[in-house]
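Reviewing the structure listed below.
The values are calculated or read from the model by the stated rules, or taken from the named source; none is laboratory data. Just so it is clear, the structure is predicted and the values come from calculations on it, not from any experiment. Heads up, the Cβs are rebuilt from the backbone with ideal geometry, glycines too, and the neighbour counts pull from every protein chain shown.
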Amino acid sequence: MTPIDPQQAKDDVLARLADTGPNHLHCSQAMVRFTLLVLGYDPDLTTIGRYLGGGVAGMGEACGAITGAALSLGIRDHHLPGGAPDLEPATSEDLQGLVRRFTDQFGARRCRDLTGFDMSVPEGFEAFQQSDAPERCGMYIGWMCDQLLPVLAGSDAMPGGDNEAHSGEANPV
């Protein structure tokens, strides 16, 4: 598959996040799909994020924007020669920075704290769907797509990527 423009990938995942039909993705899947599209990998692999939705199986723990970003970096590394173990220390620092900035930006990193809903029970999930929380989730995903892109580009995994871009801090694009 050919890599697509990051803005097109972001638009695609935000549309699928908002979709209430069969094309719907939750936050972790959206981040994984973003990465797969940008790097030109099979978007059918989006299913690897399936059980991380709602803060891991609806339990309200880590936000899917964060868990999906972590999965995304693993996908990137998997496709690099030898799994790119030399990138692990710097990538871990980058991911820690993303999590810190996410928490600073949005005030929390747990899904339940960010949405205000217990999605582990049907009435909580229904209340979530009827609220403005899904729109906020789109904001979290959009922000994380912008922040993750420079980290993904910090390797030769992206067209035009180089290791000099891998600085220990992701910057918005």
**OP:** Looking only at the stretch 48-60, decide whether some residue is part of a helix (DSSP H, G or I) and in contact (Cβ under 8 Å) with a residue 40 or more places away in the chain.
**Re:** no
Original post:
Of the residues that sit in the stretch 1-47 and are polar (S, T, N, Q) and part of a loop (DSSP other than H, G, I, E, B), which one is surrounded by the most Cβ atoms within 10 Å (Cβ to Cβ)?
Top reply: N23
Original post:
Within the stretch 120-127, can one find any residue that is at pLDDT 95 or above and under 17 Å from the mean Cα position of the chain (by Cα)?
Top reply: no
**OP:** Looking for whichever is farther than 20 Å from L37 by Cα and assigned to a helix (DSSP H, G or I) here; the options are F117, F125. Which one fits?
**Re:** F125
Subject >> Residues located in the stretch 48-79, provided they are surrounded by fewer than 22 Cβ atoms within 10 Å (Cβ to Cβ), among the charged types (D, E, K, R) and within 14 Å of the chain's Cα centre (by Cα) >> reply: R50
**OP:** Scan the stretch 124-148 and report the pairs whose first residue is farther than 21 Å from E93 by Cβ and whose second residue is assigned to a helix (DSSP H, G or I) and of a type in the set (G, A, S), with Cβ atoms within less than 6 Å and a gap of 6+ or a chain change.
**Re:** Y140/A65; I141/A30; I141/A65
Original post:
How do the pairs read when you match residues in the stretch 75-98 that are in contact (Cβ under 8 Å) with a residue 60 or more places away in the chain and under 16 Å from M144 (Cα atoms) with residues anywhere that are of a type in the set (G, A, S) and part of a helix (DSSP H, G or I), using Cβ under 7 Å and keeping only pairs 6 or more apart or on different chains?
Top reply: L98/A69
